[in-house]
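What follows is a single structure, written as structure tokens, with notes after it.
The values are calculated or read from the model by the stated rules, or taken from the named source; none is laboratory data. Bear in mind the structure is a predicted one, so any value in this text is a computation, not a measurement. Glycine gets a Cβ as well: all are built from the backbone with ideal geometry, and neighbour counts include every protein chain shown. With ligands, DNA and RNA removed, areas are computed over all heavy atoms of the protein, side chains included. Shrake-Rupley method; radii C 1.70, N 1.55, O 1.52, S 1.80 Å.
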Amino acid sequence: MNLPPQQDISERQWAVLEPQLAAATARLSARVKRATDQLLPHIDDGRATRRLNAALGQIELDLSRAFLFFDTYMDVLTQRNSAELGAILRGCDALAMDAMRRDHPALGIIEPPLVYCDRGFGASIVRESVPFPDTSPNPMPLLQIPYGRLKEKHNLTSILHESGHQALARLQLVSALADTLRDALARAGAPEQIRHLYALWSFEIGPDFWAFALSGIAEAAAIRDLFALPSGHALRVSYHDPHPPPYLRALLTFDWCRRAWGQGAWDDWERQWLAAYPLDAAPTETRRVLLQARRFIPVVGQTLFDTRFRVLGRRRLLDLFDLAPLAPNELKRRASGIRGGKLDLTGLAPSVQLAVFRMVREWYPIGEAQLDRLMSDWLMRLGRSYRHSL
């Protein structure tokens, strides 16, 4: 790749990636050698010729699947050849790592994540150890963010959400969250359909809650912005898609803000959200489902806040986080420094620093270009310190 040192990934990341690339190469080369050693001596025999042709043809097909692994990382690392983009993405790596590292043995051995850009609307993740089509396990968390997110860096809470997918899987909480929500809703008298839907949606609600625990009201503000979609999208209910309707997704985060900090700006956000999406605009069945699901949002919130999980040593999920620096008054105090031209981010974790920037945009508008420049410089500094710490 010939990446310059200031844009390169860390030695630790290369140490994880290169053996995986070498193993895929060795595996395919060994198959070619076995086929030729066994069959080339008998090439005059028509049966041996046909077997060799079939073996090489199968290897060619398998090679195309293996190239997906090679090509994926080639696409990811090629972006690091751009001086500014590479430095910013390394800062995003640091943000993702901060979001995954928690006080739990299962989260102490996650390989350093890589963040890259791609087309599309939403972010995504290929989790560590998830197999590629050639069965090669993915050697490190691979997070994709849309190119457009780099022009609205204040909404990089998407990285925190995708990191939550990795962390919750490592904690073995994915199915536990679904079961816990289903049981809590059953005790609250929720209809079976609503219990089923929230259990399905827990696959995305869990990472939303993870991002909330890392960035507080910044996550609610980001979801309000990112999912302000046309009504047909915001109110759509799917019985197979693990993503909750955006309508509910925002209302859930507003509920979490109230549980953590009482009354606040999120109350106004909720009123504006409900006014923007009157359920009268939805089909009858969709309206019925959304009304029922909305009624049980407090049950979902209480369950996420209060449940003690066996896999966490009877701790709550929130016990893995520190909400104190995310208190709205504290964020506002930090964000207000922008009026003097300087933000004091001393002692704050990267995820909390992101929350400060997000709330600068919310409370102290300074112009998109200026905020973008400040956040680019911040991510570059974050990336430099992160790479040296690995």
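Run Leu331 past the list (1) open to solvent by 30 Å² or more (accessible area, probe 1.4 Å); (2) over 29 Å from Pro230 (Cβ atoms) and report the number of the one that doesn't hold.
(1)
Filter region 1-29 down to the residues that are without any contact (Cβ under 8 Å) to a residue 24 or more places away in the chain, surrounded by 13 or more Cβ atoms within 10 Å (Cβ to Cβ) and outside any helix (DSSP H, G or I) and list them by number.
none
Looking only at residues in region 346-365 that are surrounded by fewer than 17 Cβ atoms within 10 Å (Cβ to Cβ) and either of a type in the set (Phe, Trp, Tyr) or touching a helix residue (DSSP H, G or I) at 6+ places or on another chain (Cβ under 6 Å) (or both), which one is nearest to Ile223 (Cα to Cα)?
The residue in question is Trp363.
Restricting to region 120-168, name every residue that is of a type in the set (Lys, Arg) and under 12 Å from the mean Cα position of the chain (by Cα).
Passing the criteria: only Arg127.
Just checking, which of Leu229, Leu181, Leu197 is under 16 Å from Leu251 (Cβ atoms), hydrophobic (A, V, I, L, M, F, W, C) and in a loop (DSSP other than H, G, I, E, B)?
Numbers: Leu181 fails: in a loop (DSSP other than H, G, I, E, B); Leu197 fails: in a loop (DSSP other than H, G, I, E, B).
Criteria check complete, one pass: Leu229.
Take the residues of region 31-62 that are open to solvent by less than 40 Å² (accessible area, probe 1.4 Å) and closer than 20 Å to Ser136 by Cβ: which is nearest to the chain's Cα centre (by Cα)?
Checking each candidate, the answer is Asp62.
What are the residues in region 41-71 that are under 15 Å from Thr25 (Cα atoms) and hydroxyl-bearing (Ser, Thr, Tyr), if any?
Across region 41-71, the qualifying residue is only Ser64.
Going by the structure shown, is Ala184 surrounded by fewer than 17 Cβ atoms within 10 Å (Cβ to Cβ) and aliphatic (A, V, I, L, M)?
no
Restricting attention to region 265-280, does a residue exist that is farther than 14 Å from Ala234 by Cα and surrounded by 20 or more Cβ atoms within 10 Å (Cβ to Cβ)?
There is at least one residue in region 265-280 that is farther than 14 Å from Ala234 by Cα and surrounded by 20 or more Cβ atoms within 10 Å (Cβ to Cβ).
Does at least one position in region 242-257 carry a residue that is among the acidic types (Asp, Glu), in a helix (DSSP H, G or I), over 20 Å from the mean Cα position of the chain (by Cα) and buried (at least 16 other Cβ atoms within 10 Å of the Cβ)?
The answer is yes, given that some residue of region 242-257 is among the acidic types (Asp, Glu), in a helix (DSSP H, G or I), over 20 Å from the mean Cα position of the chain (by Cα) and buried (at least 16 other Cβ atoms within 10 Å of the Cβ).
Tell me whether region 187-197 contains one or more residues that are open to solvent by 20 Å² or more (accessible area, probe 1.4 Å) and within 30 Å of Val76 (Cβ to Cβ).
no
Between a first residue in region 30-47 that is in contact (Cβ under 8 Å) with a residue 24 or more places away in the chain and part of a helix (DSSP H, G or I) and a second residue that is surrounded by 11 or more Cβ atoms within 10 Å (Cβ to Cβ) and β-branched (Val, Ile, Thr), which pairs have beta carbons less than 9 Å apart while being 6 or more apart in sequence or on different chains?
Close Cβ pairs satisfying both conditions: Arg31/Ile59; Val32/Ile59; Ala35/Ile59.
Given the options Ala260, Ala293, name the one that is in a helix (DSSP H, G or I), touching a residue at least 60 places away in the same chain (Cβ under 8 Å) and buried (at least 22 other Cβ atoms within 10 Å of the Cβ).
Ala293 is the lone residue from the list that is in a helix (DSSP H, G or I), touching a residue at least 60 places away in the same chain (Cβ under 8 Å) and buried (at least 22 other Cβ atoms within 10 Å of the Cβ).
Against the condition under 30 Å from Gly86 (Cβ atoms), in contact (Cβ under 8 Å) with a residue 12 or more places away in the chain and of a type in the set (D, E, K, R), how does Arg65 come out, does it pass?
Values: under 30 Å from Gly86 (Cβ atoms): yes; in contact (Cβ under 8 Å) with a residue 12 or more places away in the chain: yes; of a type in the set (D, E, K, R): yes.
Yes: the conditions hold for Arg65.
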